[in-house]
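Note sheet for the following structure.
Just so it is clear, none of the values below were taken in a lab; they were calculated from the coordinates. Since this is a predicted model, take the numbers as computed values, not measurements. Here Cβ is always computed from backbone atoms with ideal geometry, including for glycine, and neighbour counts include all displayed protein chains.
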């Protein structure tokens, strides 16, 4: 699949979320969405990022935006992760990998000389019009939540 670019329509999705139910992009039509992809629940970087987005959730909400985290972890694992860190943002489970594929974040990675497939830490700011307004690839966690908030403020 071609890589998504700023201005492209964000691919729709519907996926199960922590706590039950499903979330789709269509549920948030007319409002900005911060869709962030992370490799794995309860790992150091992913935990810091989820806590960062949780701490800033009120700031995002004040700008009319919803933050949604996506990984391939099953819902039960998301439930434990949310409970352990009292997370206040929805986490959706992309166990079949379709959302990751559609957003181009299922990539070859390497660690200690071994290559494997995994989720690239990436964030998409989707405008109220359903188009991609900003993309962050190969995200480094420190300062990232603030960068996304600033980009959202510039859109408003």
- prompt: For the stretch 25-50 and the stretch 51-111, what is the separation of their C-alpha centers, rounded to whole Å?
  reply: 3 Å
query: GNM on the chain, C-alpha springs below 10 Å: top fluctuator among 66, 47, 115?
result: 115
message: For the chain, set up a GNM with springs between Cα atoms under 10 Å and report which of 72, 131, 84 has the largest fluctuation.
response: 84
field: Cβ-derived FRET efficiency at R0 25 Å, residue 55 paired with residue 154, nearest 0.05
entry: 0.75
- prompt: Can you give the three extents of the C-alpha atoms in the chain along their principal axes, from longest to shortest, in whole Å?
  reply: 43, 36, 30
field: the chain: most fluctuating residue of 110, 24, 93 per GNM, C-alpha cutoff 10 Å
entry: 110
statement: Simple spin-label estimate for residue 76/residue 5, 7 Å along Cα→Cβ, in nm, reads 4.4 nm
